[in-house]
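Visitor: The structure that follows is given in the form of structure tokens.
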Amino acid sequence: NMSDENVMVTGAEVYARALKIQGVEYVFGIVGVPIMEVAMAIQQVGLKFIGMRNEQSAAYAAGAIGYLTGRPGACLVVSGPGLIHALGGMANAMENCWPMIVLGGSSDEDQQAMGAFQEYPQVEACRLYSKFAARPTSITIIPEIIEKAVRTSIYGRPGACYVDIPGNFVNASVKLGDCRFRSECPPPPRSLADPTSISSAANLMLAAKRPLIIIGKGAAYARAEDEVRRFVEDHNLPFLPTPMGKGVIPDDHELCVSAARSRALLNCDVIVLLGARLNWQLHFGRQPRFNKDVKVIQVDICAEELHNNVQSTVALLGNIPNVIQQLIEHSKKTHRGVPWRLSKDSDWWKFLQEKIDSNAVSTKALAEDKSVPLNYYAVFDVLTKHLPKDCIIISEGANTMDISRTMILNYLPRHRLDAGTFGTMGVGLGFAVAASLYSLDIAKKTGMPPQKVVCIQGDSAFGFSGMELETVCRYNLPLVFVVVNNNGIYSGGNKDFWEAIKMSGDIAVQNSAPPTFLTPESKYEKLIEAFGGEGHSCVTADQLDESFKRCMSRSSEQASLINVMIDTTSARKEQEFTWLTRSKM
Ligand code: ADP
Ligand code: MG
């Protein structure tokens, strides 16, 4: 009985109950000393514990749940090395502004600084990777710390939080009535922008000749899709989604100017920045990718983000849906309910449209070239034919991510997960596990069939966490993986090259293989077969078409992986601006 004051409970149970009260639903992790009993208590209170194979993937999964649901996922790890492995996922969540909680087992209180098993300064280590990190000083205070961690993770700019689990707390008992349980922390209060700034923003937009709306993953996280769409459509404004801002408004919307991205960025005179940072992904908002006189209307929930890299003309501090609602209301009042519209016959729209049309032609040629070995465009052209509109797409790798982002459209918000702000490679399998569980749960709640989750990765990206295929198969997650295999990082060498090297029998020659090269024609599909999943190996477009169709149609029965060999020299089509891609190489 959860409410009997005199019942004795263990520390493990207090952690589990507190997480449950705070609305945490999913806990990813790997058990061991001292957190085994914590995982069992988590299962007993009815939360989902998902046992993974590396803490890094578990932490990526927890972050993805935070993004998908708006409540933090948790990651439960053992002391020392377990916690260190999770730091990658915390950093990724912090950079992406996603909520998550890490719970780390640690050494006993009375062995502090004695060189205990896996002892490490965990709270200090997490400080740089979190908004809040604490070691409870008693079992009874645990619920307060958990509430604070959950609240901090979702209030203000979302991020990661850390709570320590002293090993001696796990099996020690206290009276339930002595534990300082807090009720579930409410969702973050919705903040509005300063009304004076709202009218400045409206005036600036009205005066703009070449306005552009940029939709970031902050807008996706904020669930601002209805407001953003209404705002964009009311004024007939061109919009550009960032990689994970894709789908807030469907990519095939007539106002989407992704196909004229460079032209739109370079020539716009006023940007409305909705939950996106002017960081490397947006070329710092500066020349040569932007016009030096571009004016910015910036909407963000984080005051410290305002004016970064470019001084915004109008800074609107607040929650995106509310701030847009303010702009909509303002427009209603000042224009007698009929919003001004940017005409499709305006010079700006004609200029953008021309580029959109010509770009479509150039990609089409690459996509239609089905010669073997396949190029990236041809691969994605085949995949798109079988992707349902509500599919959650996970994508990582260098070219695999960049090219699939333009070729594979998103129609719904929060349906694309990728390497993100931090450019983290190896997130794919962790994200896939999280997205699949999420989609299955939504299906259970709505009675609808689950949305498909497809994970498209380069061979190098897949390698970082490939062992999570075991996790996928153990939980019977209906995932479809596509490994776009070019024998290496960026790209590798062909088989002949390797044969020649091996034949030489000379270690020095063998060691001279380029560091980007991985084993050629690796049979990644065999890995999923080892765990009971279905593997496919494809070389031609027809094989890929048949395999992918089959995997998509029977993905409810079994997880599958398609290994598709592509041309090791296939690359992105010529870009107008190459300095960024070159610097990444
Ligand atoms: P992208 O990678 O899509 O460009 P970023 O991660 O760079 O997006 O930026 C997201 C921004 O959204 C962050 O600056 C974050 O503070 C902001 N943000 C997150 N949630 C909200 C919200 N509810 N309202 C307003 N801004 C938000
Ligand atoms: Mg590769």
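The values are calculated or read from the model by the stated rules, or taken from the named source; none is laboratory data. As the structure is a prediction and not an experimental result, all values here were calculated from the model. Note that we place each Cβ from the backbone using ideal geometry, even for glycine, and neighbour counts take in every protein chain shown. We work out accessible area using only protein heavy atoms, side chains counted, and drop any ligands, DNA or RNA first. Shrake-Rupley method; radii C 1.70, N 1.55, O 1.52, S 1.80 Å.
Visitor: Within 15 Å of ligand 2 (Cβ to nearest atom), closer than 24 Å to VAL564 by Cα and not small (Gly, Ala, Ser) - does that describe any residue in the stretch 428-449?
Guide: So far as the stretch 428-449 goes, no, none of its residues is within 15 Å of ligand 2 (Cβ to nearest atom), closer than 24 Å to VAL564 by Cα and not small (Gly, Ala, Ser).
Visitor: Could you give me the residue pairs with C-beta distances under 8 Å whose first residue belongs to the stretch 550-577 and is modelled with pLDDT under 95, whose second residue is crowded, with 18+ Cβ neighbours inside 10 Å and among the aromatic types (Phe, Trp, Tyr) wherever it lies, and which are 6+ apart or on separate chains?
Guide: From residues that are modelled with pLDDT under 95, the pairs are SER570/TYR376; ALA571/TYR376; ARG572/TYR376; LYS573/TYR377.
Visitor: With the condition being modelled with pLDDT of 95 or more and of a type in the set (A, V, I, L, M, F, W, C), I'd like the helices (runs of 4 or more DSSP H) fully within the stretch 154-271 carrying at least 3 qualifying residues. Working first, answer last.
Guide: On the way: elements: 195-207, 217-221, 225-235, 261-267.
Correct list: 195-207, 225-235, 261-267.
Visitor: Looking at (1) modelled with pLDDT under 95; (2) within 12 Å of ligand 2 (Cβ to nearest atom), which one does ASP506 not meet, given that it meets all the others?
Guide: (2)
Visitor: Please enumerate the residues belonging to the stretch 35-78 that are crowded, with 24+ Cβ neighbours inside 10 Å and either assigned to a loop (DSSP other than H, G, I, E, B) or not hydrophobic (A, V, I, L, M, F, W, C) (or both).
Guide: Passing the criteria: ILE35, MET52, GLU55, GLN56, SER57, TYR60, GLY63, GLY66, TYR67, PRO72, GLY73, VAL78.
Visitor: Determine which member of the set ILE394, ILE403 is in contact with a Cys (Cβ under 8 Å, 6 or more places away or on another chain), β-branched (Val, Ile, Thr), open to solvent by less than 30 Å² (accessible area, probe 1.4 Å) and on the phi < 0 side of the Ramachandran plot. Step through it out loud before you land on a result.
Guide: Details: ILE403 fails: in contact with a Cys (Cβ under 8 Å, 6 or more places away or on another chain).
Exactly one of ILE394, ILE403 is in contact with a Cys (Cβ under 8 Å, 6 or more places away or on another chain), β-branched (Val, Ile, Thr), open to solvent by less than 30 Å² (accessible area, probe 1.4 Å) and on the phi < 0 side of the Ramachandran plot, namely ILE394.
Visitor: Pull up the stretch 442-468, narrow it to residues that are of a type in the set (D, E, K, R) and in contact (Cβ under 8 Å) with a residue 60 or more places away in the chain, then point me to the one that is most open to solvent (accessible area, probe 1.4 Å).
Guide: LYS452
Visitor: List every residue pair whose Cβ atoms sit under 6 Å apart, with the two residues 6 or more apart in sequence or on different chains, where the first one lies in the stretch 490-516 and is in a helix (DSSP H, G or I) and the second, anywhere, is loosely packed, with under 13 Cβ neighbours inside 10 Å.
Guide: ILE501/GLN510
Visitor: Only one residue in ARG210, ARG182, ARG223, ARG190 is among the charged types (D, E, K, R), on the phi > 0 side of the Ramachandran plot and within 32 Å of the chain's Cα centre (by Cα), so which one is that?
Guide: Details: ARG210 fails: on the phi > 0 side of the Ramachandran plot; ARG182 fails: on the phi > 0 side of the Ramachandran plot; ARG190 fails: on the phi > 0 side of the Ramachandran plot.
Among ARG210, ARG182, ARG223, ARG190, only ARG223 is among the charged types (D, E, K, R), on the phi > 0 side of the Ramachandran plot and within 32 Å of the chain's Cα centre (by Cα).
Visitor: Moving to a separate point now. Within the stretch 469-486, track down each residue that is over 21 Å from LEU544 (Cα atoms) and either in contact with a strand residue (DSSP E or B) (Cβ under 9 Å, 6 or more places away or on another chain) or buried (at least 24 other Cβ atoms within 10 Å of the Cβ) (or both).
Guide: THR471, VAL472, ARG474, TYR475, LEU477
Visitor: Sticking with this structure for a sec: Which ones in the stretch 332-357 are modelled with pLDDT of 95 or more, closer than 15 Å to MET205 by Cβ and not in a loop (DSSP other than H, G, I, E, B)?
Guide: Result: TRP348, single match.
Visitor: Filter the stretch 373-431 down to residues that are in a loop (DSSP other than H, G, I, E, B) and among the aromatic types (Phe, Trp, Tyr) and give me whichever is farthest from ligand 1 (Cβ to nearest atom). Don't jump to the end; show me each part of the working.
Guide: Here is the first cut: in the stretch 373-431, the ones in a loop (DSSP other than H, G, I, E, B) are 373, 375, 385-391, 397, 408-415, 419-427.
In the following step, the residues that additionally are among the aromatic types (Phe, Trp, Tyr) were identified as 411, 422.
Working: TYR411: 17, PHE422: 10 Å.
My answer is TYR411.
Visitor: Hey, can you tell me all the residues within the stretch 245-268 that are under 14 Å from ASP390 (Cα atoms), away from ligand 1 (no atom under 16 Å from the Cβ) and acidic (Asp, Glu)?
Guide: Initial filter on the stretch 245-268 (under 14 Å from ASP390 (Cα atoms)): 246-252.
Now restrict to residues that are away from ligand 1 (no atom under 16 Å from the Cβ): 250, 252.
ASP252, the sole residue that qualifies.
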